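The values are calculated or read from the model by the stated rules, or taken from the named source; none is laboratory data. Predicted, not measured: the structure shown is a model, and the values here were computed from it. Because the Cβ atoms are built from the backbone with ideal geometry, glycine has one as well, and the counts that use them run over all protein chains shown. With ligands, DNA and RNA removed, areas are computed over all heavy atoms of the protein, side chains included. Shrake-Rupley method; radii C 1.70, N 1.55, O 1.52, S 1.80 Å.
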Amino acid sequence: MIPIKESVTYDALEVVRGVSKVSQPTLTPFLTDASIANGTAVIICPGGGYTHLAINKEGYKVAKWLNTLGISAFVLKYRMPTDETMTDKTLGPLQDAQEAMRMVRKNAKRYNIDASKIGILGFSAGGHLASTLSTHFNDTVYEHDASISARPDFSVLIYPVISMKDGVTHAGSKRNLLGENPSEERINQYSNALQIQNTTPPTFLVHATDDTVVPVENSLEYYNTLKQYNVPAELHIYENGGHGFGLGVSGTNANWPNDLKQWFLAHNLLKKDEVYLFSYFVGHGEYGLHFAYSEDGYTWESLRNGATYLTPEVGNNKLLRDPCITKGGDGKYHMVWTVSWTDKGIGYASSDDLVNWSTQQFIPVMGKMEGIRNTWAPEITYDDARGVYMIYWASTIEGKFPETKSKKENGFNHRMYYTTTKDFKSFADTKLLYEPGFNVIDSSIYKWEDKFIMFLKDETVEPEQKNIKMAFSDNLEGPYSQASNPISGDYWAEGPTAIRIDGKWIVYFDKYKNHAYGAVSSSDLKNWEDISDQVSFPEGLRHGTVIKIPRSILKNLK
């Protein structure tokens, strides 16, 4: 059959608005920037009642928006069903959708996408085509490579035509696809809620209650049937918006792109807006500040091949050990660290972006006390309720707590001390923070619900402990409870740092004797599982802290 000539319409600015009489299908790629690409791809089917395609509003604009999320998009200009160019016009659009999915999947490596994260998105009649592919992906409608699946990994249906039944369907779409007098069998075949099975992909649906063109019952029927087959589904019905609102016009319907973004995140189709950052030192601390990052909290990669982000300049030994970073109420990142083996103070600097740092300060937190042997492993916790930073560290004071002193390890006998500040210019008098009745070091404090959790190292050497324990308090400055039983195993663990990921606490620590990093995990802070075999860190990484940072900050660090 001879192709018919396409017709293109333009808006007032001469931008392509729509296209009709499509007899030659095309697939236009919109590949996202490699720096933010997450492997997900979406094939977009614009709507238009199977007579034309709103290819700009429901195609190109949507593709460009998806690109901002790190998703590559492919706008499908599918053929309009017509007896003039097709032997069976009901098959033409499905053929194009199947071939588009196979083509993108076959070339996934070339496009830098994950072949298992390719979805279909359709508006109105394009939503009917997307749901048709989602329920008819195994139909043999043309000769193809059987080794490449046409099944979408997910589908997004925006005010879709689902049913071909009178009273629910969009009459124009039904007539253009099925003809004037389709059989009951053909009507049921393309009423896609009737074709759902447990292999139908997870689906996100959007509709407006006041849609008078394609009734909201289309989405409701599809959603309810997905539920019956236990297919993951999410439906957003907005109070108003009518039909054809694209990416959203006004009112609540303008929220659907953000709702879809959250759905993508929940289904691991997007990189999270935040990533995990680990600050650490190597060697003895003479090389300064280093960073590693992770998407999931398990696999860690050094940034800039282990480059130094801040070279130490203060303290007797000019070291940068045990770096601890927190983000404060002023939006800045505040860092403290160990500067020396024997100093009475610690190092401090701040940064807006973790790349450019303020002038380093030496804070003499133990300067007024006598008999100070060290000021080690400082940490910093921000109490947003009071706008106060608490800095705390381990020190040995000669003659204090003789009942727990050992001759081993140079006779160090630490307790936890602290000071508070609001501006890092004036500091409260130093006080004792935690005296658990044993040699304690490496405390790290986190707020959880209405309590504060302290992860700490029992430094007792006789009888040997060298493990991680917990203590709790209603207030940041204590008093803290008696230490718990160990949550780490029979290895020397030190430098705990913790974060919650997907509802679980993960506590990372330095396995001192093993020259490696380990971790334990718990969902209830009572039962702990050693997951050391599940985490991987850069070689040589020592005693650091983990925080979340925006992806924009990571981009600068890279």
### Task
Would you check which residues across region 489-524 are in contact with a Phe, Trp or Tyr (Cβ under 7 Å, 6 or more places away or on another chain) and assigned to a loop (DSSP other than H, G, I, E, B) and list them?
W492, Y512, K513, N514
### Summary
With criteria (1) open to solvent by 10 Å² or more (accessible area, probe 1.4 Å); (2) in contact with a His (Cβ under 9 Å, 6 or more places away or on another chain), R151 comes up short on (2)
### Task
Mind checking which helices (runs of 4 or more DSSP H) fall wholly inside region 174-276 and carry at least 2 residues that are closer than 30 Å to V535 by Cα and hydrophobic (A, V, I, L, M, F, W, C)?
256-266
## Note on the structure
Of the residues in region 374-404 that are of a type in the set (A, V, I, L, M, F, W, C), within 25 Å of F452 (Cα to Cα) and modelled with pLDDT of 95 or more, the one that is nearest to the chain's Cα centre (by Cα) is I380
### Message
Against the condition at pLDDT below 95, touching a strand residue (DSSP E or B) at 6+ places or on another chain (Cβ under 6 Å) and of a type in the set (D, E, K, R), how does E274 come out, does it pass?
### Response
yes
#### Entry: Answer residue from region 478-500, given it is open to solvent by 70 Å² or more (accessible area, probe 1.4 Å) and polar (S, T, N, Q) and is farthest from the chain's Cα centre (by Cα) among those
Q482
### Task
Specify the residue that is most open to solvent (accessible area, probe 1.4 Å); the eligible residues are those in region 340-378 that are of a type in the set (A, V, I, L, M) and under 23 Å from L303 (Cβ atoms).
V355
### Query
What tally of residues in region 84-98 results from selecting those that are among the acidic types (D, E) and surrounded by 19 or more Cβ atoms within 10 Å (Cβ to Cβ)?
1
### Task
From the list K407, K422, pick out the single residue that is farther than 19 Å from Y480 by Cα and modelled with pLDDT under 95.
K407
### Task
Tell me, please, whether a residue that is within 27 Å of F291 (Cβ to Cβ), among the aliphatic types (A, V, I, L, M), in contact with a helix residue (DSSP H, G or I) (Cβ under 9 Å, 6 or more places away or on another chain) and surrounded by 14 or more Cβ atoms within 10 Å (Cβ to Cβ) can be found in region 452-473.
no
### Query
Limited to region 134-143, what total is found for residues that are open to solvent by less than 70 Å² (accessible area, probe 1.4 Å) and out of contact with any Lys or Arg (no Cβ under 6 Å at 6 or more places or on another chain)?
6
### Summary
Restricted to region 501-539 and to residues being under 21 Å from the mean Cα position of the chain (by Cα) and open to solvent by 70 Å² or more (accessible area, probe 1.4 Å), the residue farthest from K447 (Cα to Cα) is Q534
### Query
In this structure, is S473 of a type in the set (S, T, N, Q) and touching a Lys or Arg at 6+ places or on another chain (Cβ under 6 Å)?
no
### Message
Given the criteria under 25 Å from D139 (Cβ atoms) and outside any helix (DSSP H, G or I), does L13 qualify?
### Response
no
### Summary
Of the residues in region 540-558, those that are polar (S, T, N, Q) and open to solvent by 30 Å² or more (accessible area, probe 1.4 Å) come to S552, N556
### Task
May I ask you to verify whether V19 is open to solvent by less than 50 Å² (accessible area, probe 1.4 Å) and outside any loop (DSSP other than H, G, I, E, B)?
yes
#### Entry: Residue list for region 172-193, filter: of a type in the set (A, V, I, L, M) and either within 26 Å of W256 (Cα to Cα) or surrounded by fewer than 17 Cβ atoms within 10 Å (Cβ to Cβ) (or both)
A193
### Message
Show me the strands (runs of 3 or more DSSP E) entirely contained within region 392-488 in which 1 or more residues are more than 24 Å from I499 (Cβ to Cβ).
### Response
415-421, 431-434
### Query
What are the residue pairs meeting all of these: first residue in region 307-332, first residue closer than 14 Å to Q361 by Cα and touching a residue at least 40 places away in the same chain (Cβ under 8 Å), second residue polar (S, T, N, Q) and open to solvent by 30 Å² or more (accessible area, probe 1.4 Å), Cβ atoms under 7 Å, and 6 or more apart or on different chains?
V314/Q361
### Filter result (open to solvent by 60 Å² or more (accessible area, probe 1.4 Å) and either among the hydrophobic types (A, V, I, L, M, F, W, C) or assigned to a loop (DSSP other than H, G, I, E, B) (or both)) within region 26-76
L31, D33, A34, S35, T51
#### Entry: Filter result for H207 (over 24 Å from A150 (Cα atoms), open to solvent by 30 Å² or more (accessible area, probe 1.4 Å), modelled with pLDDT of 95 or more and of a type outside the set (A, V, I, L, M, F, W, C))
no
### Message
Just to be sure I understand the filter: pairs with C-beta atoms under 7 Å, separated by 6 or more residues or on different chains, first member in region 165-177 and in contact (Cβ under 8 Å) with a residue 40 or more places away in the chain and more than 15 Å from T82 (Cβ to Cβ), second member open to solvent by 20 Å² or more (accessible area, probe 1.4 Å) and not in a loop (DSSP other than H, G, I, E, B). Which pairs pass?
### Response
V168/E217
### Query
Which residues, taken from region 126-153, are touching a strand residue (DSSP E or B) at 6+ places or on another chain (Cβ under 8 Å) and under 21 Å from M164 (Cβ atoms)?
G126, G127, H128, L129, A130, S131, L133, S134, P152
